[in-house]
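These notes concern the structure reproduced below.
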Amino acid sequence: MFKRILIATHGTEGAKKAEAYAIGLARELGAEVHGLYVIHKDWGSLVGIEWLHSSEKRMEFYRYAESEFYLRAEEVLNAFGEHAKGIEVATSIRVGEPAEVIAEEAKDIEADLIIIGGESKERSEEYKAKVPMKKLIKIAPCPILVAHKNLMPSEKNINHCAVGFLNGIK
């Protein structure tokens, strides 16, 4: 049924719940998982470069900030890969508007299912762009599963949830 699952993650608690759902479903189905970290295209506007008067200093700072975003993305995806041991995992980091990037990635990898975390009231210390769900629903090439924000699934009950989910769509 689902052979390739796309998980959009950025390391927050809500995203980790979505990761657990993706891992549980992949184990239950023998599916492969593709982890995607989206760096919002507008991150450069957050840098606050007014105090950097020379273009050389501005570019140096810009490159530094960009490298930090990529390092964090790699850290999050590596941690996801560690949790998904025993499952075929691929990862990618892309820059863009989150809904568009998620939909494009799902299409590019021929995903059968997209899993994302639910909205969380807790704010991350890092810049994390929200995914505009209405837009994603309109442009996604496959079904979307949103991990419930109030449930932190264990490995045992995630498999139960996966079976219940599958029975519900048969």
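The values are calculated or read from the model by the stated rules, or taken from the named source; none is laboratory data. Predicted model, so just to flag it, every value in this text is computed and none were measured. Virtual Cβ from ideal backbone geometry, glycine too; neighbours counted across all protein chains shown.
List of remarks:
- Positions within region 63-114 being within 12 Å of the chain's Cα centre (by Cα) and on the phi > 0 side of the Ramachandran plot, in sequence order: none
- Flag if Glu104 is surrounded by 14 or more Cβ atoms within 10 Å (Cβ to Cβ), out of contact with any helix residue (DSSP H, G or I) (no Cβ under 6 Å at 6 or more places or on another chain) and modelled with pLDDT of 90 or more: yes
- Check on Lys107, without any contact (Cβ under 8 Å) to a residue 60 or more places away in the chain and part of a loop (DSSP other than H, G, I, E, B): no
- Matching entry among Gly24, Gly14, Gly44 (being in contact with a strand residue (DSSP E or B) (Cβ under 7 Å, 6 or more places away or on another chain) and at pLDDT below 95): Gly14
- Exclusive hit being more than 18 Å from Ile39 (Cα to Cα), modelled with pLDDT of 90 or more and basic (Lys, Arg), set Lys149, Lys134, Lys170: Lys134
- Total residues in region 15-45, condition in a helix (DSSP H, G or I) and within 20 Å of Glu100 (Cβ to Cβ): 7
- Subset of region 53-76 that is closer than 19 Å to Asp42 by Cα and of a type in the set (Gly, Ala, Ser) - its residue that is modelled with the lowest pLDDT: Ala65
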